[in-house]
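The values are calculated or read from the model by the stated rules, or taken from the named source; none is laboratory data. Everything numeric in this text was worked out from a predicted model, so none of it was measured. Glycine gets a Cβ as well: all are built from the backbone with ideal geometry, and neighbour counts include every protein chain shown. We work out accessible area using only protein heavy atoms, side chains counted, and drop any ligands, DNA or RNA first. Shrake-Rupley method; radii C 1.70, N 1.55, O 1.52, S 1.80 Å.
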Amino acid sequence: MNAAGTGRTVSAAGKDCRGVPLSCGSPSAIEGLERALECALSFRGDAIAEIDAVLADHPDFIMGHLFKASWLTQAMETRVYDEMLAAISAAERLSDGANDRELGYLAALKAWARGDFYGATQCWEEVLTHFPRDLLALQLVHLTHVLLGDVTGQRDSVARVFNLWDESMPGYEFVLGFYSFGLEENRDFFEAEEMGRRALAMRPDHPYAVHAVAHVMEMRGRQPGGIRFMKDHVDLWGTSNFSNHLWWHTSLYHLDLQDHPRVLEIYDNHLQSAAHEGDRYEELDASALLWRLKLLGVETGDRWRALADRWEPAAQDTLYAFNDVHAMMTFVSDGRREAQAALLGANERYVETANDANVAMTREIGMPFCLAMQDFQDERYGDCVDHLLPVRYKTHRLGGSYAQRDVIGWTLLEAALRARRFDLALALANERSAMKPTSPLNWRYVARAFQGLGDDSNAKRAEARAHSLMAA
């Protein structure tokens, strides 16, 4: 392999438990790296603290620095960038003794630091091509495809190496979990659930596999089954930030069944508290859930205020459009005009001057959605529709999952109803009910659209369908 274009190959001095080469031969360093990787893969413990402990004893362990910087990329937060850049610099100082796998990681991280997230992914994919059992590279490629909204890449990055793995190899259950989620996002729901449940059979405390199966059940409208599935596994989620995301998924089932008290209970017990810990991932989930409740007209008290307090320091980050739209949810809902202006102004300057991967995400989806949310809050519902309708088939470019991005289509539909554009609302509601015919909420939207059109007969039929699904 010549990932860094050096024309040389450095002999590996050691290997991990899957046979992937390392330039460091110290058993304690390699074992420590494996512990940190286990934290990252299982979303348990503190992977950064674990690798810092290894580096304290082995400061020349280049793969330790590369692991640290690589895992920090996934935070998508400016607060970790200095730490990430320091780890990259440390690795670069040690690069003369690196093997080609490690040089591939270094090239990926340099690209990431420039804002070239796609280039970074290509570097990690090249590493994975030559070392298909590199579980860290596989996780980074898969998760970055999720961050970038590359739906096909989420599946195919795993498919390219899947046949080279089997149950005898350490970490196979994580490969199954990645593949499960990639298949689900590509609407191969049957195979996705099979893979996810195989992963759980091997390792019941596998939150990413729970996550993949939860997505399947959400997309298929299996609300009661989803609630039961999550309840059966909740004691095995652990207490990491990812467990809060699983609570968010649980809340979506209850939301579809319009059990709003239970949704608020989940928010207060599992999302609101997390929003005070300084981790952006939980703040995303909290914002997304409150916005959905807002669309349904559910009173949420002063919950927006505390959440907006957490987001406001990041109003001008312009690091990741997915973060920005969730920040804007809180700013418009809490009436923070200055924060709204700061966010939009920073993004306007950013798209005119920057040239990185997030620019297109911001210009094409992030800013239109932010403007649409302002329109919605100010009851300019027609303008909200006009901002969202042209981008509705491009929303994958914002990143995240279908379940997360659904908030855009949901906002569009609710705005169309409130703008009295009932023909459009009916079309949008029909589309949603066709995709998920077991959703009571979708049929309630169909009923509202028919009511707006004065078609009481079809409105009653749709409402009866919703009621029967609720009763079931």
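Residues that are within 17 Å of the chain's Cα centre (by Cα) and in a helix (DSSP H, G or I) within region 293-328 comprise Ala321, Phe322, Asn323, Asp324, Val325, His326, Ala327, listed in sequence order.
Here Arg305 meets each of (1) farther than 21 Å from Arg380 by Cα; (2) touching a helix residue (DSSP H, G or I) at 6+ places or on another chain (Cβ under 8 Å); (3) open to solvent by 10 Å² or more (accessible area, probe 1.4 Å) with one exception, condition (2).
Against the condition open to solvent by 10 Å² or more (accessible area, probe 1.4 Å) and either aromatic (Phe, Trp, Tyr) or in contact with a Ser or Thr (Cβ under 6 Å, 6 or more places away or on another chain) (or both), how does Tyr402 come out, does it pass? Spelling it out, Tyr402 is indeed open to solvent by 10 Å² or more (accessible area, probe 1.4 Å) and either aromatic (Phe, Trp, Tyr) or in contact with a Ser or Thr (Cβ under 6 Å, 6 or more places away or on another chain) (or both). Could you tell me whether any residue of region 216-224 is touching a helix residue (DSSP H, G or I) at 6+ places or on another chain (Cβ under 6 Å) and closer than 30 Å to Ala357 by Cα? Yes, some residue in region 216-224 is touching a helix residue (DSSP H, G or I) at 6+ places or on another chain (Cβ under 6 Å) and closer than 30 Å to Ala357 by Cα. Taken together, the criteria exclude Asp406 from residues that are at pLDDT 95 or above and farther than 22 Å from Leu284 by Cα. Can you find, within region 426-455, the residue that is nearest to the chain's Cα centre (by Cα) among those that are more than 22 Å from Met219 (Cβ to Cβ) and crowded, with 16+ Cβ neighbours inside 10 Å? The residue in question is Leu426. Got a number for residues in region 239-256 being farther than 19 Å from Tyr402 by Cα and open to solvent by 30 Å² or more (accessible area, probe 1.4 Å)? Here the count works out to 2.
Go through the residues of region 61-74 one by one and say whether even a single one is more than 24 Å from Val175 (Cβ to Cβ), at pLDDT below 95 and outside any helix (DSSP H, G or I). Looking through region 61-74, none of the residues is more than 24 Å from Val175 (Cβ to Cβ), at pLDDT below 95 and outside any helix (DSSP H, G or I). Close Cβ contacts (under 9 Å, 6 or more residues apart or on different chains) running from residues in region 76-104 that are over 19 Å from Gln122 (Cα atoms) to residues that are of a type in the set (Asp, Glu) and open to solvent by 10 Å² or more (accessible area, probe 1.4 Å) comprise Glu77/Asp279; Glu77/Asp317; Thr78/Asp317; Leu94/Asp60; Gly97/Asp60. Only one entry in Leu441, Leu413, Leu417, Leu426 is touching an Asp or Glu at 6+ places or on another chain (Cβ under 6 Å), closer than 16 Å to Ala466 by Cβ and assigned to a helix (DSSP H, G or I), namely Leu441. Tallying residues that are of a type in the set (Gly, Ala, Ser), open to solvent by 20 Å² or more (accessible area, probe 1.4 Å) and under 18 Å from Ala98 (Cβ atoms) within region 20-69 yields 3.
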